Each structure stands twice: as C-alpha cells, then as structure tokens.
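S.K.: Pasting in a structure now, in structure tokens, and then I'll have a few things to ask.
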Protein chains: 4
Amino acid sequence: VDKTGTGQATGAHEDDESTVGGDAEPLLDPTRLLALSDGVFAIVITLLVLDVHVPELSQGQTLAQALEETRPSLIAFVISFMIAGIYWVGHRDIFALIRRTDRGIVWLNLLYLLPLCLLPFAASLVGRYTQEPVALRIYGLLLLVIAVMRTVIWAYITGHPQLLWGRVGVRQRQAGLALAIGPAVAYLVALIVAGVLPLASLAIYAFVPVLYFISTGLLRRRRPGIRLYADFT
Amino acid sequence: VDKTGTGQATGAHEDDESTVGGDAEPLLDPTRLLALSDGVFAIVITLLVLDVHVPELSQGQTLAQALEETRPSLIAFVISFMIAGIYWVGHRDIFALIRRTDRGIVWLNLLYLLPLCLLPFAASLVGRYTQEPVALRIYGLLLLVIAVMRTVIWAYITGHPQLLWGRVGVRQRQAGLALAIGPAVAYLVALIVAGVLPLASLAIYAFVPVLYFISTGLLRRRRPGIRLYADFT
Amino acid sequence: VDKTGTGQATGAHEDDESTVGGDAEPLLDPTRLLALSDGVFAIVITLLVLDVHVPELSQGQTLAQALEETRPSLIAFVISFMIAGIYWVGHRDIFALIRRTDRGIVWLNLLYLLPLCLLPFAASLVGRYTQEPVALRIYGLLLLVIAVMRTVIWAYITGHPQLLWGRVGVRQRQAGLALAIGPAVAYLVALIVAGVLPLASLAIYAFVPVLYFISTGLLRRRRPGIRLYADFT
Amino acid sequence: VDKTGTGQATGAHEDDESTVGGDAEPLLDPTRLLALSDGVFAIVITLLVLDVHVPELSQGQTLAQALEETRPSLIAFVISFMIAGIYWVGHRDIFALIRRTDRGIVWLNLLYLLPLCLLPFAASLVGRYTQEPVALRIYGLLLLVIAVMRTVIWAYITGHPQLLWGRVGVRQRQAGLALAIGPAVAYLVALIVAGVLPLASLAIYAFVPVLYFISTGLLRRRRPGIRLYADFT
C-alpha cells in the first residue's frame, strides 16, 4: 500500500527511508491551491467593504443625511458579498470532488481567480455609478467571465476522472453544467439590457444568487435518502 | 472501517482503488469553511487599523498635538479588536464541536461573516464620530446582528447532533445559548440608549468583552476536574 | 518507526507518552512556512487591484471616457497577476520537493517574500507612468531580485538533499536552474533597455509569463510516460 | 490508544461511533490559532507596503526626483518587514513546542497579535516623520509591547509543560527568555534616547534584527551534533 504523498499538510509523516517516489506526490496535492483560493476569497469579500466610506460632513449636514450617500455602496457590498459567497460555495463543491491536481487545473484555477480579484473594483464602480450602463456592463462582463471559467473547470474535471475521488455520473455532470451555465446566461442578458434597462440589469445581479440558492435546493431534493449531503451546497 | 474522506487537508491519503463513496466526504469536511473564516477574521482585525491614519501636520502644530486626533480611532481599534477577538474565540469554540458540515452550516456561516466584514467600517465610523447617536446605533446594530447569527448557529448545531463530534449536554446547550444571547441583549440596550446617553452606549461596547471574558471564566469554574479544557474559551 | 512530528497541521495525533523527541520535529514542518507564503501571495495578487481606481467624472466627461484612464492600470494588473501567478506556481513546484525546513530555507523564503510584497507598489508605478524609464527599471529590478532569490532557493535545496522527499536528478536540477535563471536574464535585459526602448521593456514583462508557460510545457513533453505529473507546473 | 482529536485539520478521520470524548480534543488543537496568526502576519507584512505611495509629479519634477520622497517609507518598509519576519520566526519557534492550546495561550496570543496589527501604522508614522522623537517613541513602545508579550507567552508555556510536545530544559528555557527579553531591553533604550538622539534610536531598530539573527546563530552553534535542527530559527 502506497502511503507516501501525504503532502505539505500532514508534514513529515513517513519514515526517512521511503524517499523513492516520495518527491512526486506533493505536487498533486490540492492543499496549497485551496489555501491560495480561500485566501483570495477571504480578501475579496473583505475588500468589498473598503468601498463603504465613512462620510465627511459638509456644512449643515447631519451624519444621517451623509450616510444616505453610502447606501448604494452598502447595497453593492451586500449583493457582491452574496455573489462572492456563492462562488466560494461553488468552488468548494467542485474541488471537494478533486483528489489530485494537474497542470491544467492549477492554471485554470488561477484564470478563475483573476476576474474574481477584480470584483471589488467592479462592485465599487456599480456602487458609485448605480444606473450607468457602462458600470453595469463591466460588472456583468466580470461575472460572465467568472461563470465561464467555472464552466470550463467543470468540463475539464469531468473530462479528467483520474483527478477525482470518484466517478461523476451523467446526471451530476449535467446538473453541474447547468449550475455553471445558468448564471452565465443570466449575466449575459443583464449585460445586453444594461443600456436600455439599467434597473432590470441590477435586478438580475441581485436575483441570480437567490435563484442559484433555490435551484441547488431543488437539485438536492431529487436525491433524498440515506446520504447526509448532496452534490451541491 | 471507512477511512475515506480525510478531505483536502490530508490530501491523497488513500489507495487509488477506494474511489467508491470517496467523492462524498470531502464536502462534509469543515477545513475550507474554517480556512475562509480564519482568513476573514485575520483581515477584519488587521483592516481595523487602516483607519488609524498618520496625521498631516497643519501650520504650527506639533506631531504630538496632531496625534491627539488619532486617539479616538485608536481606542475604536482596540475595542473592535477585542470584540472581533472574542467573536473568533467563540467561533472556534463552536466549530470545535463540529465534525461535519452540511448545507445549512455553510450558508449560516457565510451570513455570520457578512456583518463581520462590515465591522471595520462601523469601527471607523465610531472612531470618527465618537458621540454621534447614528454612528453608535449602526455599530450596535452590527454587533447585534453578529450576536443573533451566533445564536442561530448555536441553535442549529445543537439541533443537528449528527454534525457534531459528540453529544452536547443540556447544561452546555443552555450555557452556549446564554453566551450568545447575553451580548445580543447588551448590544440591544446600547442601541436603544445611544440617542439619549451616547457615553453609556460606548461604555457597554467597551465592557461587553470584559463581561464575556469573566462569565466564560465562571462557566469553566463550575466544571473543575481532570479535564484539561472546558467548553468555552 | 518514528511517527512523531506530525506537526501543527495534524494536531494532537499521538499518545501522551511519546514526548521524547516530540518537541523537535514540528520545527521542521513546512506547514506554517507555506501558510504564510500562500497568505502573502493571496494578498499580493488581490492588492494589485487596489490600484485600479473607480474614476471621478470631470465636467462633461462620460464614464466611458473616464474609464479610459484606468486602462493602463488594468493592463498592469493583468500582467502583474500573471507574473505573481507564475511565481506562486514556481514556489509550489519547489516546495513540493521539500519535506523538512531548516533555518536556511525559512530565512531564504522570507527574503523571497520581501520583494514580492513590493510588487503591488511597482505594478502601480508602471500603471501610472507606463513609459517612464525609471518606473520600468524599478519594476524590472524587483522582478530580477525575485528571480535571483528563486535561483538561490533552488541552489540551496538541491544542495541540501536531506530536506527533500527524494533525490533531484542532474537533469531536473539543471531544468530548475534554467527556469529560475531564464526570467532573471530577461528582466535584466528589460531593465537595461528601459531607458532607450521603454516599449520593448514593457513587451518583455508581458511575454516572460508566456515564454515560461511554453518552456515548462516543453520540459514536461520530454518526460512522457506513466507518471501523472511532471516536475514543473 | 486514544486517536481522537485529530481536529479540524484532518477532518472526519474517525468512525462514527467514537463520539465519546471526541467533542473535547478539537478545542485543544492549535490549528486555527496558527491559521489566524499566520493570516495576521501575512497581512501585516503586506500592508506595510501600502504606505509606499506612487508619487504624483509636481510641476517640473522628474519621476526620479519624486521617488526620492518615497525613500524613507521604503526603508521603513524593509526594516519593519525584517522585524515582522523575525517575530514570525520566533512565533513559529515557540508554537512548534506547543501541542495543545488552553484558554491562557489563546488569549495571550490574541494580546500578542493586537500590537502586531498596529505595526503598519507605526512603520508608516516613522516613514513619514523619520526623526521625530514622538514617532520613534511610538514605534519603540509598540516593539517593546510585542517583545514583552513574547516574554509572557514563553514564561506561560514553560510553566505549563502539559501543553508541550516535550520537556523544555533549563538551558533552553533561559535561552528563550534571553531571546525575548534582549530585544525588549534594546527597544526600551531606543525609546528612552529617542528624544535626544533620534538617529541612535533609528539605528537600534535597524540593528536588533541583525543582532537577533546572529545570537540565534550562536545559540545553535552550542548545540552541534546529530540533530538537523536547533531550538531557535
């Protein structure tokens, strides 16, 4: 039985002699990929709040009046937090299936984190220019790119079963694809209508999290039984 | 004996053959939930200091005089650090009981982190407008929401014993509830009196950490004996 | 068989009696070194975006026009993200070989993180003064120092095989050296030509990531076979 | 043999039946304490750079001239990075001895992180007002408090051997105390002379890291032999 490759997380687990092959496995270990991703998610959801500024009072203004102006950025924070939270839950769902990493998954994950890092900027932009089509389009484009990257990662891992803990069934595969493509389509619509109906665009950004939550709930319903969990959180 | 599901943290621990069911357990593993939470806590307590600005000297002003103005934000930092520290200790106490996550706990934890992320903004607001009822009310409202979320999480996990390492006794359950509801009530009072007695409101924010520390100490006293630890840190 | 020293990551794994020698091994465990490094990488790639500012509109200006001005800093963000991403992948490749840390590797890693922390500043500088030789030289100098530190770490660990999981062959050693020295040479050239040909300098910064990706791909090609992974991601 | 209590890091390691007592050990696990501390250290050393600002050019000024003004904050960054790095190395050395946490160590660690979080502010202050006694005193006071907290933690853990992996010998105890008290005394001197000799004060801040590095090196020399490591990194 091969017990090498416990990776960085478990440290110097094995005897000193078992060096043959031992140099290989830690590179397959997803630990650091997940540590980097969780770090980025934690920072992104926390940086979002840096845009909610403490107001300076202008003459004759009360603090309550001044705080009115921070309301749009506060709403942008809450929506973006929920979107980032859903991305994190989805990221955790996908990587819970993954047992080993390879070159493809490492780089695809980095390309997934790239637009994610821009989320605080885009949220800040929408918080400042709530009904400006350009701001709404940039926000939508970013969410679209993240959703597309999620779809690509899902397609990649279901096509590389040797990276996974177990087999992903056809139904689970399709459900995962639907959960990744669904938001992508919604964001594409929001992006297109941003010029004509900015409020509709905003509404889509606000409701996709709610719809995602409901649809994963429905997906779980179809798989009742003994199991404590379902495939999608 | 099922040895699968060692999760992301321990990496590729098992043989290549044991794939049946192996795809399931990592989703129950609390590792990433804790990594995200610890990341958010670390950022929140560190961002709190970003509000303590290096002053620019106005004409004829000494640095010592200019630093006088940073004193309120420094005090707000220390109080908020202690409050966030207590939240972290409480979060660690609760999740030390948890062995498996489910959908509910993942989402409840995100809803707990949401107001936590706003703490630097609220601390900044109080540091800037120390005796403004509006600032004190926003700060109190935030602390109240966090305390309520803590209560909800405690009620949820004690109601789902299959998620825990062991059984939570009636007494421990009540003590945990008291520790979560206690601060909530104190913050509610602070919120109500903020308009009439801003200083009393501030005093409550400063003393709840001290009272929490003392009451967990008393709770530990009641359980002396062989055990190295008690239920609440 | 010595099974102590499972380190911080695995916690209180052993019996209470096996204290002899048990105090030693956790210091060799790379867990915390990797946690600190991943944290720094996560923050660095996320802070890079803080330079992409939400513009304030001047009179008669549309948001689209104002956003034109953020384009250079957006491009600087994307290039710097890819460079930092490649550094992270390279850091992970190297430390996947490492089983134990010693004093040298701890301090060399800190000296590697020092210039890395300055990357957001340098990227911000280039984003603001795109064609200024001074900005391009500072950026190049920083990337050069990081590449040199990577070379030093690689030389150190291949010279201390007792720290590694397995033996590093001559070919792998040379390939690793080439991957560390290659970018260093490219950045040195970019640094030298920055005064005369700022655009050529910029182009080098943009294309080194691409070249690195291609050359690691070629290195992997030369080692086909049964193994799921190769030495460099 | 009790194998429970593998804690959060290793996840759902045990069978479903072994719940008795299983609720206890995760609270003793230092994993989350270290995750929070490493997160704070990573943020602190990275936030230090936020003070190194990209300059705006005033009329007729070249970028090279403008960058002259960022030199003090760059030097403050490098010194503070090295000081924070040494603190991290020392924190890792101490907690490598710790196998279990208790209430005392959790709270002492938080009180250690509190002044650490203020380091970016103090470094920023010294970078801005390099020779101002007040700035130098605040910086020194902060470093003194951190050094004192380190001494307290060292005294606490050597007085609670049940928390450690192994016994700490008298010599190691004294060496650890010297390493904690030494910098404290140096910072106290720097604090006192800040008013009369600001440059001497600055020099002490710059040289304590160097002296620390040399003295840990000498301590290691006295313990040559078969062991790969020594007690202090």
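The values are calculated or read from the model by the stated rules, or taken from the named source; none is laboratory data. Every value quoted in this text rests on a predicted model; they were computed, and no experiment measured them. Positions of Cβ are generated from backbone atoms using ideal geometry, with glycine treated the same way; all protein chains shown enter the neighbour counts. All accessible areas refer to the heavy atoms of the entire protein, side chains included, with ligands and DNA or RNA removed. Shrake-Rupley method; radii C 1.70, N 1.55, O 1.52, S 1.80 Å.
S.K.: Name every residue in the stretch B:99-132 that is more than 8 Å from chain A (Cβ to nearest Cβ) and under 18 Å from the mean Cα position of the chain (by Cα), in order of residue number.
M.R.: Listed by number, the residues that qualify are B:105, B:108, B:109, B:111, B:112, B:115, B:116, B:119, B:122, B:123.
S.K.: Moving on to the next point. With the checklist (1) open to solvent by 20 Å² or more (accessible area, probe 1.4 Å); (2) in a helix (DSSP H, G or I) in hand, flag the one item residue C:209 doesn't pass.
M.R.: (1)
S.K.: Something else about it: Tally up the residues in the stretch A:98-109 that are surrounded by 21 or more Cβ atoms within 10 Å (Cβ to Cβ) and closer than 23 Å to residue A:139 by Cα, please.
M.R.: 1
S.K.: OK, next. What helices (runs of 4 or more DSSP H) lie completely within the stretch D:110-199 and have 1 or more residues being closer than 23 Å to residue D:69 by Cα?
M.R.: Details: elements: D:119-128, D:133-159, D:170-193.
Result: D:119-128, D:133-159.
S.K.: Please go through (1) in a loop (DSSP other than H, G, I, E, B); (2) within 25 Å of residue A:35 (Cβ to Cβ) for residue D:61 and return the number of the only condition it doesn't satisfy.
M.R.: (2)
S.K.: Among the residues of the stretch A:49-75, write down those that are polar (S, T, N, Q) and out of contact with any Phe, Trp or Tyr (no Cβ under 9 Å at 6 or more places or on another chain).
M.R.: Keep residues of the stretch A:49-75 that are polar (S, T, N, Q), which gives A:58-59, A:61-62, A:65, A:70, A:73.
Once the filter is applied, which keeps residues that are polar (S, T, N, Q) and out of contact with any Phe, Trp or Tyr (no Cβ under 9 Å at 6 or more places or on another chain), the stretch A:49-75 yields A:58, A:59, A:61, A:62, A:65, A:73.
S.K.: So, one more: Residue under question is residue A:172, and the condition is that it be in contact (Cβ under 8 Å) with a residue 12 or more places away in the chain, open to solvent by 40 Å² or more (accessible area, probe 1.4 Å) and polar (S, T, N, Q); does it hold? Quick ask: steps written out before the conclusion?
M.R.: Details: in contact (Cβ under 8 Å) with a residue 12 or more places away in the chain: yes; open to solvent by 40 Å² or more (accessible area, probe 1.4 Å): no; polar (S, T, N, Q): yes.
So residue A:172 does not fit the description; no.
Conditions (1) in contact with a His (Cβ under 8 Å, 6 or more places away or on another chain); (2) modelled with pLDDT of 80 or more; (3) not β-branched (Val, Ile, Thr), marked per residue:
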| position | (1), (2), (3) |
| --- | --- |
| B:9 | no, no, yes |
| B:23 | no, no, yes |
| B:28 | no, yes, yes |
| B:34 | no, yes, yes |
| B:40 | no, yes, no |
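S.K.: Something else: Which of the numbered conditions does residue D:135 fail, given that it passes all the others? Conditions: (1) over 19 Å from the mean Cα position of the chain (by Cα); (2) buried (at least 21 other Cβ atoms within 10 Å of the Cβ); (3) in contact (Cβ under 8 Å) with a residue 40 or more places away in the chain.
M.R.: (3)
S.K.: Check the stretch B:178-191 and report whether any residue there is of a type outside the set (Asp, Glu), without any contact (Cβ under 8 Å) to a residue 12 or more places away in the chain and surrounded by 19 or more Cβ atoms within 10 Å (Cβ to Cβ).
M.R.: Among the residues of the stretch B:178-191, not one is of a type outside the set (Asp, Glu), without any contact (Cβ under 8 Å) to a residue 12 or more places away in the chain and surrounded by 19 or more Cβ atoms within 10 Å (Cβ to Cβ), which makes the answer no.
S.K.: May I pose another question? Would you mind finding the one in B:156, B:205, B:139 that is at pLDDT below 90, of a type in the set (Phe, Trp, Tyr) and in contact with a Leu (Cβ under 8 Å, 6 or more places away or on another chain)?
M.R.: Values: B:156 fails: at pLDDT below 90; B:139 fails: at pLDDT below 90.
Among B:156, B:205, B:139, only B:205 is at pLDDT below 90, of a type in the set (Phe, Trp, Tyr) and in contact with a Leu (Cβ under 8 Å, 6 or more places away or on another chain).
S.K.: Next up: Among the numbered conditions (1) at pLDDT below 85; (2) open to solvent by 40 Å² or more (accessible area, probe 1.4 Å), tell me where residue C:162 comes up short.
M.R.: (1)
S.K.: Going by the structure shown, is residue A:42 facing another protein chain (nearest Cβ under 9 Å) and either assigned to a helix (DSSP H, G or I) or without any contact (Cβ under 8 Å) to a residue 12 or more places away in the chain (or both)? Explain how you work it out, then say what you get.
M.R.: Values: facing another protein chain (nearest Cβ under 9 Å): yes; either assigned to a helix (DSSP H, G or I) or without any contact (Cβ under 8 Å) to a residue 12 or more places away in the chain (or both): yes.
Yes.
S.K.: Still on this model: Do we find a residue being open to solvent by 60 Å² or more (accessible area, probe 1.4 Å) and either within 15 Å of the chain's Cα centre (by Cα) or at pLDDT 85 or above (or both) anywhere in the stretch D:218-228?
M.R.: No, the stretch D:218-228 contains no residue that is open to solvent by 60 Å² or more (accessible area, probe 1.4 Å) and either within 15 Å of the chain's Cα centre (by Cα) or at pLDDT 85 or above (or both).
S.K.: Kindly evaluate residue C:122 against the criterion of being of a type outside the set (Phe, Trp, Tyr), without any contact (Cβ under 8 Å) to a residue 60 or more places away in the chain and open to solvent by less than 20 Å² (accessible area, probe 1.4 Å).
M.R.: On the way: of a type outside the set (Phe, Trp, Tyr): yes; without any contact (Cβ under 8 Å) to a residue 60 or more places away in the chain: yes; open to solvent by less than 20 Å² (accessible area, probe 1.4 Å): yes.
Against the criterion (of a type outside the set (Phe, Trp, Tyr), without any contact (Cβ under 8 Å) to a residue 60 or more places away in the chain and open to solvent by less than 20 Å² (accessible area, probe 1.4 Å)), residue C:122 qualifies.
S.K.: Restricting attention to the stretch C:51-97, which residues are closer than 19 Å to residue C:128 by Cα, hydroxyl-bearing (Ser, Thr, Tyr), buried (at least 16 other Cβ atoms within 10 Å of the Cβ) and more than 9 Å from chain A (Cβ to nearest Cβ)?
M.R.: Selection gives C:73, C:80.
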